[in-house]
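The values are calculated or read from the model by the stated rules, or taken from the named source; none is laboratory data. Predicted model, so just to flag it, every value in this text is computed and none were measured. Glycine also receives a Cβ, built like all others from the backbone with ideal geometry; neighbour counts cover every protein chain displayed.
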Amino acid sequence: MSNGESNHRIKSTFPVQLPATYLKQIRRNTITHEFDQNASQEELLSQGTNEQLSEASKLLRLGVQQQQAGELLPALKSLQQALELFRLVGDIQQQEQALSFLALVAYASGDYKSVISYSIQCLALEKTTPDLLVQMQALSHLGNAYRHLNEHNKAIEYLEECLKITQKLQDKRSQVAALNNLGLVYKASGNFTRAIAYQEQSLEIVQELQDNWGIEQVLKNLGNAWYALDNYPKAIAYYEQCVKIARSLNNARSASQVLKNLGNACYAIGNYAKAVIYYEERLQLAKQLKDKRSEEQSLGSLGVACEALGDYTKAIKYYEERLLLARTIKDRRIEEQALASLKVACYALGDYAKAMQYQQNTSTNS
């Protein structure tokens, strides 16, 4: 299935953060928890009488705001400046906060070695002023960073420690994150059964919290794990629930990702008609989002599924749309694929003249 290959390696990570409200998604379907802007802002970013402490607090506040807005490079600069000033005045607690946010920004940037560096520095400060919340946060960052670096044993070690702290604190939101992240590590290491066990525990708690955003992410991860086990009926069941919630949250991009997987899973079990339905839904979302790449992929998948149904006329229609789109976005590779698909479909339909025409176009492009 040339254009319906699975996309089940979606990275849906929940880094544990200090208070309990959610930050908006930055990248890779990541869920984070932001500092409680009402209850703890004054405590976290308190203005000292010392001029350096006051300036550091302003920079920390600015870095937090920039991070929340997705302005990662400015956030990094502000937080590094804040950290240096907090070091000068010897404020350990605020150093920990700055390091924790720096780790979060580095994670969002994909700079996992820096995540590890900031988190280890944070844990080193913890030896003088132990705080379970800060430890939980740093351990979560470390586990997620090591997972992305494919150091699975280290990732599991840190995330297991993180989970123990969440249970000790009876922090259910952070338990959801830790369990989910452990599931992702076990999935990455190929232990899908263990991954599913952790993510099912995560799903049970997040459903109890009635957190639809979190439920959507965990359902997606469960679908991905069952897909990896080639248990397509189970994957379909979780993906269908996930799409329903994603639509209710107006999370069109997430719905689009899962609809692709749904179509692929239905194709894999031979339910081509259902696959067409899901690919069509994804195509409509791609147009709505003006996502040309997803639109092109959907058209290709629709063509393949229609061929499997023996509906070559409809397959040709989708392939022609894909060809036009490929030329619009000036993607020669996709254009050649579309021409090759059109040639095969036309031959199957018995339209040899049209097939030769597409063959000539392919030769011209070579």
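A few remarks follow.
- In the stretch 120-154, the residues that are of a type in the set (A, V, I, L, M, F, W, C) and within 16 Å of S189 (Cβ to Cβ): A145, L149
- Checking Y238, Y232 one by one, the residue that is touching a Leu at 6+ places or on another chain (Cβ under 8 Å) and among the aromatic types (F, W, Y) is Y238 and no other.
- Residues within the stretch 189-204 that are in contact with a helix residue (DSSP H, G or I) (Cβ under 6 Å, 6 or more places away or on another chain) and within 19 Å of Y239 (Cα to Cα), tallied: 8
- One residue from Q288, Q357, Q284 being surrounded by fewer than 22 Cβ atoms within 10 Å (Cβ to Cβ), over 32 Å from the mean Cα position of the chain (by Cα) and polar (S, T, N, Q): Q357
- Residues of the stretch 158-171 satisfying the condition of being surrounded by fewer than 16 Cβ atoms within 10 Å (Cβ to Cβ) and either in a helix (DSSP H, G or I) or aliphatic (A, V, I, L, M) (or both): E160, K164, Q167, K168, L169
- Filter result (in a helix (DSSP H, G or I), touching a residue at least 24 places away in the same chain (Cβ under 8 Å) and surrounded by fewer than 17 Cβ atoms within 10 Å (Cβ to Cβ)) within the stretch 107-120: S109, K113
- Sole residue being over 23 Å from A228 (Cβ atoms) and in a helix (DSSP H, G or I), chosen from S256, S341: S341
- Residue match in the stretch 148-155 (condition: among the acidic types (D, E), out of contact with any helix residue (DSSP H, G or I) (no Cβ under 7 Å at 6 or more places or on another chain) and assigned to a helix (DSSP H, G or I)): no
- Those residues of the stretch 257-280 which are surrounded by fewer than 24 Cβ atoms within 10 Å (Cβ to Cβ) and either among the small types (G, A, S) or without any contact (Cβ under 8 Å) to a residue 24 or more places away in the chain (or both), in sequence order: A268, G270, N271, A273, K274, I277, E280
- Residue pairs meeting the criteria (Cβ under 9 Å; at least 6 apart or on separate chains; first surrounded by 14 or more Cβ atoms within 10 Å (Cβ to Cβ) and among the basic types (K, R), in the stretch 42-69; second in a helix (DSSP H, G or I) and at pLDDT below 95): R61/Q41; R61/L44
- Residue in the stretch 122-135 that is surrounded by 14 or more Cβ atoms within 10 Å (Cβ to Cβ) and of a type in the set (S, T, Y) present: no
- If you go through the stretch 96-147 and keep only what is in contact with a helix residue (DSSP H, G or I) (Cβ under 7 Å, 6 or more places away or on another chain), among the small types (G, A, S) and farther than 20 Å from N181 by Cβ, you end up with just A98.
- Members of the stretch 187-232 found to be free of Cβ contacts under 8 Å to residues at least 40 places away in the same chain, small (G, A, S) and surrounded by fewer than 24 Cβ atoms within 10 Å (Cβ to Cβ), listed by number: S189, G190, A197
- Subset of the stretch 186-199 that is in contact with a Phe, Trp or Tyr (Cβ under 8 Å, 6 or more places away or on another chain) and among the hydrophobic types (A, V, I, L, M, F, W, C) - its residue that is nearest to L219 (Cα to Cα): I196
- Flag set for Q135, criterion: farther than 21 Å from K77 by Cβ and polar (S, T, N, Q).
- Residue count for the stretch 260-316, restricted to those that are charged (D, E, K, R), in a helix (DSSP H, G or I) and in contact with a Leu (Cβ under 9 Å, 6 or more places away or on another chain): 8.
- Of residues in the stretch 80-99 being buried (at least 23 other Cβ atoms within 10 Å of the Cβ) and among the polar types (S, T, N, Q), the one farthest from N50 (Cα to Cα): Q97
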